[in-house]
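Worksheet: the structure to be examined is printed underneath.
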Amino acid sequence: MELACISQNSPSLALSQTKSISLLKQSHAQLVKLSTPCNLSLTAKLVASYGKFGDLESALSVFDRCPQHPDAFLFNSLIQAHICGSLFRQAFQIYLQMLELGVSPNRYTFPLLLKACSTSFMLSQGAQLHAHCVKFGLNSSPFVTVALMDMYMKNGLIDSARRLFDRMVERDVVSWNAFLSGYSQNGRPEEALGVYNRMRVAGVTVDFVAIASVISACSQLRFLHQGKWIHSWVIKNGFGADVVISTALLEMYANSGDFWLTKKLFEEMPTKDLIAWNCLISCYVQSGMIGDSFELFRKMQHNGLKPNGSTLAGILPAVGRVGALHLVRSCHGFAIRNALDLDEYVMTALMDAFAKSSDLVAAQRLFNLIPNKSVVAWSSMIDGYGTHGYGAEPIILFEKMQENNIKPNHITYVGVLSACAHAGFVEEGQGYFRKMVDVHGIIPRLQHYACMVDMFARAGLFDDAVSLINQMPTEPSPGIWGALLGGCRIHGHVELGKFAAERLFELNSVDPGFYVLLSNIYAAAGMWSEVREIRSLMKQKGLRKPAGWSSIEIGNKVHCFISGDMSHSDSGKIYQKLEELMERISKVGYTPATKVVLHDVEADVKENVLRSHSEKLAMAYGLLKAAPGTPIRILKNLRTCEDCHVAAKFISKITNTEIILRDAVRFHHIKEGVCTCRDYW
DNA sequence: ATAGGGTTAG
C-alpha cells in the first residue's frame, strides 16, 4: 500500500529508488493498473531499471509495447540497458535503429556508447562515433568530450586524447582526471605526475580519484618514498577505507617487493576486492613463496571470490616454477571452463608455464593462437626455445617479431643473448648486443653483461670475457663472476676460475653453487687438497651443497628420487630396469664418466655412485611406467650430471624414447642419441 | 529525468 502511495505521488522517483527486481515488478504492475497515460520518460525509467537488474527481456517488452514514437531518452535507456549487460553489439544496433527512425542522438547518447568502446577496445567504432558527435554538434559538451578522451586513452591513442583536452575551454576535475589516468594507464607515469602538477598549478581541487592514479604512477616509477607520503595523506584525509585507493596502495607495496608491508596492508583493508587478492597473490609469487601463493589462491576462492584472468595470469608463473606439467594442464582446463582461455594475459602466462614445464609443443601451439602477440608473448617464446637449447629458432622468432613491428625490450634481449650464449653463436651475439644499444637504445643491464660473459667464457674466449668485465660501467655482480667461473669449469681453466671465485668470495656471495663449481674445477684437475680446502671453507661459512633430486610425473603424481634412493615402493623393479639399461648401453659404447665424481676414491666406487644417481633412477622409472613413444620428462633441482647426460643420450637411442630433462638452468631435449644442448652447457 | 574520471595481471 505504501508503494501505491509513492507511485501515485511520484512514480518515476519510486522507480529510481527500487532496490530489487521484485519491487520493480510490483511498481510496474501498479503503474499498469493505475492506467497512467503513456508517458515516455516513465517508460524510459522502466527500461533503464530493468536493464540495471539484468532483465533485458522485460526492458525490451516495455520498449516495444510503448505506443508512442520513441524519443532519444527512451532509446538511450534501451542502449544503457544493453551496455549494462555488456551487450555492446546490440547496443550499437539500437543506435543504428535510432538513426534510421530519424531520432537524433543527444549529449546523453554518446557517453554511453563511448564507454562501450573504451571497455572493449573498439577503436574504429569509437572514432566513427567521434565523427557523429561532430555531425550532431555535440562535441562541445564536456561529458561527450571526457567520454571521447577516455575512449582514446583506453585504446592507447594518447595524442588524440590530448588534442581534445587542449581544446577544452572549461576543465573540471573529471576531465583532468581522465587525462591524468590516461597517462598512468598507458604506462607513462612521469607524464602522469606532470599532469598532476599542472592540475595543482591550475588550482583544481584534487580529489581521491586523482590520487588513485598518482599512486599507480608512483608504483610504476618505484617512487616508494613519495608513495608513502601519499599514503599518509590518504589516511589524514579520510580515504583510507576507499577500496580502490587502498588497492592501488597495496599494488604499490607489492610492486616494491615489500612482502611484509603488503601483507599487513592487505589484512588491514576493510573490504578486499578481487584486484586486492590478485595483487597479494602476485606479490607472493614474485617473492618466491610458491606454496603460500597456492594456499592463497585456494583461500581466495574459499572467501567466495571467483578467480579471473588476472588471478590466473598471476599464479601461473608459480605453476611454471614447479615444473609439473599436469598442474599447467589443469590450469589450462580451469581457464577453458571459466572462459578465460581467450584472455591475452592468460594465454601468454599459460604458454610460458608450458615452456617452463618442458612442453614446448604446447607452448608453441598456444603462441600461435594469440591474436595480437605482445612483446611479452614474443619474449617468452624466444626464451622458451633458448632455454630448451635451440639456437636458430630464437633468432628466427626475434626477426619475425620485428617484422611484425613489435619493439624488443630489455627482457627480449636477455632471451636472445642467452640463446646465443647457449648455442655458441658468438658473432651473432655480439651483433645483437650492439644492436640492442645502437638501434633499440637499451642500456645494457647486469643480466645482459652476464649473458655476454657466459657466451665468451663457454666458447673459451676468456680474453674477451675479461675485457668486457673491465669495460663494464658498474661493479660486476656475483652473476657476472659466476658466468666466468662456469666457463672456467667447462674448459678446466684453473687459474682464472680461482680468480673469479676470489671475487665472488669478496662479494660475500653465499651461493653454495659457486663453491661447488670451484671445487669441481679443482677435482677435474686432480687437485684434491684444494678440493678439501673449499669443502672446509664451506663448512666454516655454514654453506651446504643442496642435495640433488630428480622427479618424474607419472599420471598426475610426481615421483621424486635422491641419489641411491631405496624408498620408492617399486625400488626393486627400478634398480632391475636400471641394471638392464646400463648393460645394454655399455654394449653400444657407454663408459662411465668417473671424472665427475668429486671424491678421491677408487674407480669402482665411483661407478657405483654414478649408477644410482637420481636422474638415472627417474629415467628407469619413466621407462618402466610411461606409455611407449611418449616423451619422458624429468626435473632436476641442480644442474645435470655429465655422466647422466651421456647415459641419457644412449638410453634415448636404444629405447627410441625422447628424454626431456629440465635442470636448474635449462632444458635438454635428448632424442636418438643427440641433445639439443650439443653437449655444450 | 538519462551521461563523463580511479586500482590488478605475462
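The values are calculated or read from the model by the stated rules, or taken from the named source; none is laboratory data. From a predicted model like this one, the values you see are computed outputs, not experimental measurements. Cβ placement follows ideal geometry from the backbone for every residue including glycine, while neighbour counts extend to all protein chains displayed. With ligands, DNA and RNA removed, areas are computed over all heavy atoms of the protein, side chains included. Shrake-Rupley method; radii C 1.70, N 1.55, O 1.52, S 1.80 Å.
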Within the range A:66-93, work out how many residues are assigned to a helix (DSSP H, G or I) and at positive phi. 0
Can you name the residue in the range A:191-229 that is under 24 Å from A:Gly257 (Cα atoms) and out of contact with any helix residue (DSSP H, G or I) (no Cβ under 6 Å at 6 or more places or on another chain) and is also nearest to DNA strand B (Cβ to nearest atom) among such residues? A:Ile211
Restrict the check to the range A:577-588 and report whether at least one residue is in a loop (DSSP other than H, G, I, E, B), touching a Phe, Trp or Tyr at 6+ places or on another chain (Cβ under 8 Å) and open to solvent by 40 Å² or more (accessible area, probe 1.4 Å). yes
Check A:Val169 against each of (1) within 30 Å of the chain's Cα centre (by Cα); (2) surrounded by fewer than 24 Cβ atoms within 10 Å (Cβ to Cβ) and name the one condition it does not meet. (1)
State whether one or more residues within the range A:240-262 are of a type in the set (D, E, K, R), under 23 Å from A:Met153 (Cβ atoms), open to solvent by 50 Å² or more (accessible area, probe 1.4 Å) and assigned to a helix (DSSP H, G or I). yes
Subset tally (residues that are part of a helix (DSSP H, G or I) and either open to solvent by 10 Å² or more (accessible area, probe 1.4 Å) or in contact (Cβ under 8 Å) with a residue 40 or more places away in the chain (or both)) for the range A:380-422: 18
Out of all the residues in the range A:134-150, which are within 12 Å of DNA strand B (Cβ to nearest atom) and either under 16 Å from A:Asn76 (Cβ atoms) or of a type in the set (S, T, N, Q) (or both)? A:Leu138, A:Ser140, A:Ser141, A:Phe143, A:Val144, A:Thr145, A:Ala147
Would you check if there is a residue in the range A:195-205 being crowded, with 16+ Cβ neighbours inside 10 Å and under 18 Å from A:Cys279 (Cα atoms)? no
What number of residues within the range A:151-165 satisfy the criterion of being open to solvent by 10 Å² or more (accessible area, probe 1.4 Å) and either hydrophobic (A, V, I, L, M, F, W, C) or within 14 Å of DNA strand B (Cβ to nearest atom) (or both)? 7
Helices (runs of 4 or more DSSP H) completely within the range A:1-65 that count 1 or more residues being within 14 Å of A:Ile79 (Cα to Cα), modelled with pLDDT of 85 or more and open to solvent by less than 70 Å² (accessible area, probe 1.4 Å): A:40-52, A:56-65
So, of the residues in the range A:541-576 that are open to solvent by 40 Å² or more (accessible area, probe 1.4 Å) and in a helix (DSSP H, G or I), which turns out to be farthest from A:Ala620 (Cα to Cα)? A:Gly572
Residues that are among the basic types (Lys, Arg) and on the phi > 0 side of the Ramachandran plot: which helices (runs of 4 or more DSSP H) entirely in the range A:96-197 hold 3 or more of them? none
Give me the pairs: first residue in the range A:343-358 and assigned to a helix (DSSP H, G or I), second residue open to solvent by 10 Å² or more (accessible area, probe 1.4 Å) and within 6 Å of DNA strand B (Cβ to nearest atom), beta-carbon distance under 6 Å, and six or more apart or on different chains, which are they? A:Tyr345/A:Ala313; A:Val346/A:Ala313; A:Thr348/A:Val376; A:Ala349/A:Ala313
Mind listing whichever residues of the range A:197-256 are among the basic types (Lys, Arg) and closer than 22 Å to A:Ser175 by Cα? A:Arg198, A:Arg200
Kindly list, by first and then second residue, each pair from a residue in the range A:489-503 that is within 10 Å of A:Leu518 (Cα to Cα) and open to solvent by 50 Å² or more (accessible area, probe 1.4 Å) to a residue that is in a helix (DSSP H, G or I) and modelled with pLDDT of 95 or more, limited to pairs with Cβ atoms under 6 Å and residues at least 6 apart or on different chains. none
Looking at the range A:429-474 only, could you name the residues that are under 29 Å from the mean Cα position of the chain (by Cα), assigned to a loop (DSSP other than H, G, I, E, B) and of a type in the set (Val, Ile, Thr)? A:Val439, A:Ile442, A:Ile443
Examine the range A:356-364 for a residue that is crowded, with 20+ Cβ neighbours inside 10 Å and within 11 Å of DNA strand B (Cβ to nearest atom), and state whether such a residue exists. yes
If we scan the range A:335-344, do we find a residue that is among the β-branched types (Val, Ile, Thr) and away from DNA strand B (no atom under 14 Å from the Cβ)? yes
Any pair with Cβ under 7 angstrom, 6 or more apart, that starts in the range A:157-172 at a residue that is among the small types (Gly, Ala, Ser) and ends at one that is more than 11 Å from DNA strand B (Cβ to nearest atom): A:Ser160/A:Tyr152; A:Ala161/A:Tyr152
Filtering the range A:198-216 down to residues that are within 20 Å of A:Thr145 (Cβ to Cβ) and part of a helix (DSSP H, G or I) yields A:Arg198, A:Met199, A:Val209, A:Ala210, A:Ser213
Say whether the condition of being assigned to a loop (DSSP other than H, G, I, E, B), outside the structural domain of A:Glu607 (by TED's automatic domain parsing) and either closer than 18 Å to A:Ala450 by Cβ or among the aliphatic types (A, V, I, L, M) (or both) is met by at least one residue in the range A:501-508. yes
Please verify whether A:Ala324 is more than 7 Å from DNA strand B (Cβ to nearest atom), of a type in the set (A, V, I, L, M) and not assigned by TED's automatic domain parsing to the domain that holds A:Tyr390, treating the condition exactly as stated. yes
